[in-house]
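Taking it in order: structure first as structure tokens, then the write-up.
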């Protein structure tokens, strides 16, 4: 029986399809052709908790000849572990003072790769003197951090912490849980870099007034409705104040006793930036004064939500439930203990950056930074010491 036109067309279609798949299979690189030769470069990764290893092990190990992960933080006690390594990869609470820098340099380290934006614990000037170059991840996911700030604003406004605590002990009464609407309020954004601008974008939908303070005014922030004012005006007029400035000598304790006095009686204070922006002692005094607005230290804030703490390096990213009592006491922080006991204070353990998207971006930029270091390329994200 002679084949019909339909039969011929069907056979032709099959042949074309087979040829297409053979072609793309041939063109698709195999694992062996995808593998690039590793660069002779050794990297020591500190503060390597589980998620760090998960996101960094494969890309780093694929690119460089040797990569070692240390759970410990880098400080003057652990710096001797890096003998023979070209670079150390650090996080926000690793300490690189002048003494630690000397140990790194004496052991052959030439690069410090921060897998975060902040570098306030790195003595960049000391590093430069010893010939060590510093790189960082200038931006990874501003939206992740801004969304966390908004989350804390919502939680603080609705007394979420005391509500959850009540339910956990079987108390379902509503006393003490009257909250505030976020909509229509005056929001004060201190610092209008990438994160501050993202929060401004998010707050636009709440149809309130947005005040901003920064030594550099952003046209983008203005385009999204922010009105720049001086810091004192912002604190006096804002119902909700959110901090997004880097920690510098000029910004340490930017929120101190004097500034807290300026804030509204029932204002909300949010910090997802750096703990050192707030004077902890002054904050506790303000929170514990009660409602006496005539007090010399000002009235009580309605709520405070902190994702960071001034002395967090001795506390955050540790699981103290695994420590014996004597070890826990060595790291006892009385101020932090008082803060977290106050019902109007909500504390999270520096998790504003902790999203899948942000971690992926951090890993990509960190690997690229180290790649540039290893090949002697221009360091796009290099940190320079401040000029005087």
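The values are calculated or read from the model by the stated rules, or taken from the named source; none is laboratory data. Bear in mind that the values here come from a model prediction, so they are computed numbers and not experimental data. Quick reminder, even Gly has a Cβ in these numbers, built from the backbone with ideal geometry, and neighbours come from all protein chains shown.
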Residue check for residue 140: at pLDDT below 95, part of a loop (DSSP other than H, G, I, E, B), buried (at least 19 other Cβ atoms within 10 Å of the Cβ) and touching a helix residue (DSSP H, G or I) at 6+ places or on another chain (Cβ under 9 Å)
yes
Here is a check on your reading of the model: is residue 119 within 23 Å of residue 313 (Cα to Cα), outside any helix (DSSP H, G or I), at pLDDT below 95 and in contact with a strand residue (DSSP E or B) (Cβ under 8 Å, 6 or more places away or on another chain)?
yes
Could you pull out the residue among 308, 304 that is modelled with pLDDT of 95 or more, outside the structural domain of residue 73 (by TED's automatic domain parsing), part of a strand (DSSP E or B) and buried (at least 17 other Cβ atoms within 10 Å of the Cβ)?
304
Can you tell me which residues in the stretch 170-189 are closer than 22 Å to residue 212 by Cβ and either part of a loop (DSSP other than H, G, I, E, B) or not assigned by TED's automatic domain parsing to the domain that holds residue 224 (or both)?
180, 181, 182, 183, 184, 185
Go through (1) in a loop (DSSP other than H, G, I, E, B); (2) surrounded by fewer than 18 Cβ atoms within 10 Å (Cβ to Cβ) and name the single condition residue 167 misses.
(1)
Please work out which residue is surrounded by the most Cβ atoms within 10 Å (Cβ to Cβ), limiting yourself to the stretch 199-258 and to residues that are out of contact with any helix residue (DSSP H, G or I) (no Cβ under 8 Å at 6 or more places or on another chain), in contact (Cβ under 8 Å) with a residue 24 or more places away in the chain and in a helix (DSSP H, G or I).
234
Restricting attention to the stretch 337-381, report how many residues are closer than 23 Å to residue 113 by Cβ, in a helix (DSSP H, G or I) and touching a residue at least 40 places away in the same chain (Cβ under 8 Å).
17
Determine whether the stretch 314-334 contains at least one residue that is closer than 20 Å to residue 146 by Cα and assigned to a helix (DSSP H, G or I).
no
